[in-house]
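**Q** Pasting a structure here, questions to come.
The values are calculated or read from the model by the stated rules, or taken from the named source; none is laboratory data. The structure presented is a predicted model; accordingly, all values stated were derived computationally and were not measured. Please note: Cβ atoms are built from the backbone with ideal geometry, for glycine as well, and neighbour counts cover all protein chains shown. Heads up: the accessible areas ignore ligands, DNA and RNA and are worked out on the full protein's heavy atoms, side chains in. Shrake-Rupley method; radii C 1.70, N 1.55, O 1.52, S 1.80 Å.
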Amino acid sequence: MKSIFEKILDAEIPAQKVYEDDICAVIRDINPQAPVHLLLFPRKRIESVDAIGPDDLKIVSHLMLTASKVAKMEGLGDGYRIVINNGPSAGQTIDHLHLHILGGKRLGWPPC
Ligand code: AMP
């Protein structure tokens, strides 16, 4: 079964796309937790951080570079937070690796 992100990539469900390239895409979160809340995910279905394999390192590096690039595009030069929920106890609900990029306000710490 396709993940929500695969369905978005295949235009089967709508999303507000902010960026895409041949490795990844970025959309706005449907339930934003900050003025800017983006989801960055690879085209390849990697289920979680725990599922990242040695062949995926180029993809993972690209995700980090893209996070920085898109954060700047979104005006988050003052700072932003990257969150990856791994597993149900951490709140992962979509089993397709994704980075939350949050910003646009002063973010509290600790986060929970
Ligand atoms: P996580 O709980 O870390 O797996 O993150 C999943 C995120 O996806 C949540 O923040 C949801 O609000 C968001 N989300 C779920 N469905 C959609 C959708 N169709 N479009 C955009 N964001 C979504």
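**Q** From the backbone phi of region 35-40, what are the Karplus-calculated ³J(HN,Hα) couplings (6.51 cos²θ - 1.76 cosθ + 1.60, θ = phi - 60°) in whole Hz, Gly and Pro given as x?
**A** Values, residue by residue: x, 10, 9, 10, 10, 10 Hz.
**Q** Here's something else I'd like to know. Leaving ligands, DNA and RNA out of it, work out the accessible area of K2 with a 1.4 Å probe and give it in Å² to the nearest 10.
**A** Its accessible surface works out to 80 Å², give or take rounding.
**Q** Whole angstrom only: what separates the Cα centroid of region 43-72 from the Cα centroid of region 3-29?
**A** Answer, in whole Å: 15.
**Q** Just need the relative contact order of the chain here, percent rounded to a whole number, with Cα pairs under 8 Å and 6+ apart.
**A** Details: 152 pairs, mean separation 33.9, N = 112.
Relative contact order, the chain: 30 percent.
**Q** Then there's this: Per 0.36 nm of contour for each residue apart, how much would the distance between I94 and R106 grow if the chain were fully extended, relative to their Cα-Cα spacing? Don't skip to the answer; put the middle values down first.
**A** Values: separation 12, 0.36 × 12 = 4.32 nm, distance 2.66 nm.
Result: 1.7 nm gained on full extension.
**Q** Give K7/K105; K17/K72; K17/K44; K2/K58; K44/K72 a once-over and call out the pairs whose C-alpha atoms are over 19 Å from each other.
**A** K7/K105; K2/K58; K44/K72
**Q** Go through 35-43, 21-29, 96-104, 80-88 and give me the packing order, highest mean Cβ count within 10 Å leading.
**A** Listed from highest to lowest mean packing, they are 96-104, 35-43, 21-29, 80-88.
**Q** Name the long-range amide H neighbours of L97: under 5 Å, sequence gap of 5 or more, or other chain; modelled H, no Pro or chain starts.
**A** Excluding prolines and chain starts, which carry no amide H, the hits are I46, E47, S48.
**Q** Same structure again: If we count every other residue with Cβ under 10 angstrom of A15's Cβ, Lys/Arg +1 and Asp/Glu -1, where does the sum land?
**A** +2
**Q** Separate question: So what is the 222 nm mean residue ellipticity for the chain from helices alone, if each DSSP H run of at least 4 adds -39500 (n - 2.57) and you divide by all residues, rounding to the nearest 500 deg cm²/dmol?
**A** -6500 deg cm²/dmol
**Q** Would you work out what percent of the accessible area of region 15-103, with all protein chains in place, is carbon or sulfur (probe 1.4 Å)? Can you show the working numbers first?
**A** Values: 2560 of 4840 Å².
Carbon-and-sulfur percentage of accessible area, whole number: 53.
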